Amino acid sequence: MKALLLLSATVITVVCSGPIQAAVPSHCSAEEMTLFSCQIEQSAKVVSLCASQPLSKASALAYRFGKPGNIELEFPKTAVNSIEKFRFAHYFRYQVDRKTLAFNIGHYHYMLFDYYEGEETPPYGRGILVTDTRHSDKTVSLLCRDEVVAELPLLNDIVPCDAGNALANC
């Protein structure tokens, strides 16, 4: 964001050339692009999705979870072919926009989600769902607090399509 301060006798005007975003905690480094990041409700933990720049099919993609400065879980362990370990899905119609990014670690299925339901209050739902694939009824939902960086659509033509997801348009 670029801001220009114009001073006159008693008036201060701020002219912005881009969106103003609140500071959102993130596990992404300054050299990485933050594609998704938020603090989990009722927790000090942060979930982040980071990509090497410039964003392309050759980029490294990393999911990180934990308290700021203390990453408890990072996936994948190596950057080599990391994009291939994720699956993206996007569904859109009037008043509905749903984006997901999924991956598996052992018996656990993780799904970052960014949902907009125009007729719901609040209209946005963002966070991560973790399911034990051995017991599909055991899903934990970790919802984001209000301040969120959510740029999952940038992955549309970069991450493989999640053919097993009903939201996907593969």
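The values are calculated or read from the model by the stated rules, or taken from the named source; none is laboratory data. Predicted model, so just to flag it, every value in this text is computed and none were measured. Here the Cβ positions follow ideal geometry from the backbone for every residue, glycine too, while neighbour counts run over all protein chains shown. Quick note on the areas: whole protein, heavy atoms, side chains included, nothing else; ligands and nucleic acids left out. Shrake-Rupley method; radii C 1.70, N 1.55, O 1.52, S 1.80 Å.
When the accessible area of the chain is split by element with a 1.4 Å probe, what percent falls to carbon and sulfur? Let's see the in-between values first.
On the way: 5470 of 10350 Å².
Using a 1.4 Å probe with all protein chains present, the chain comes out at 53 percent carbon and sulfur.
From the square roots a ≥ b ≥ c of the eigenvalues of the alpha-carbon gyration tensor of the chain, which class results: rounded (a/c under 1.5), prolate (a/b over b/c), or oblate?
Note, shape of the chain comes out prolate.
Counting only the backbone N, which residues of the range 93-113 are under 16 Å from the spot 7 Å out from the Cα of Glu119 toward its beta-carbon?
Residues 93-98 fall inside that zone.
Would you work out the charge dipole size for the chain about its Cα centre, treating the Cβ of every Lys and Arg as +1 and the Cβ of every Asp and Glu as -1, and quote it to the nearest 20 debye? Before the final figure, lay out the partial values.
Numbers: 15 positive and 18 negative charges, 60 e Å.
In debye, rounded to 20, the chain gives about 280.
Relative contact order (percent) for the chain, with alpha-carbon contacts under 8 angstrom and 6 or more residues of separation?
Computed over the chain, the figure is 19 percent.
How would you classify the range 86-170 from its alpha-carbon gyration tensor, with a ≥ b ≥ c the square roots of the eigenvalues: rounded for a/c under 1.5, else prolate if a/b is greater than b/c, otherwise oblate?
Here the range 86-170 falls in the oblate category.
Between Gln53 and Ser136, what is the label-point separation in nm under the 7 Å Cα-to-beta-carbon projection?
Placing both labels 7 Å along Cα→Cβ, they lie 4.2 nm apart.
Can you work out the accessible area per residue across the chain, with the rest of the protein chains kept in place, probe 1.4 Å, in square angstrom?
Value returned for the chain: 61 Å² of accessible area per residue.
Given 0.36 nm per residue, what is the gain on full extension from Glu147 to Glu31 after removing their alpha carbon distance, in nm?
Gain on stretching Glu147 to Glu31: 39.6 nm.
Can you check what the net charge comes to around Asn165, using other residues whose Cβ is under 10 Å from the Cβ of Asn165 (Lys, Arg +1; Asp, Glu -1)?
+1
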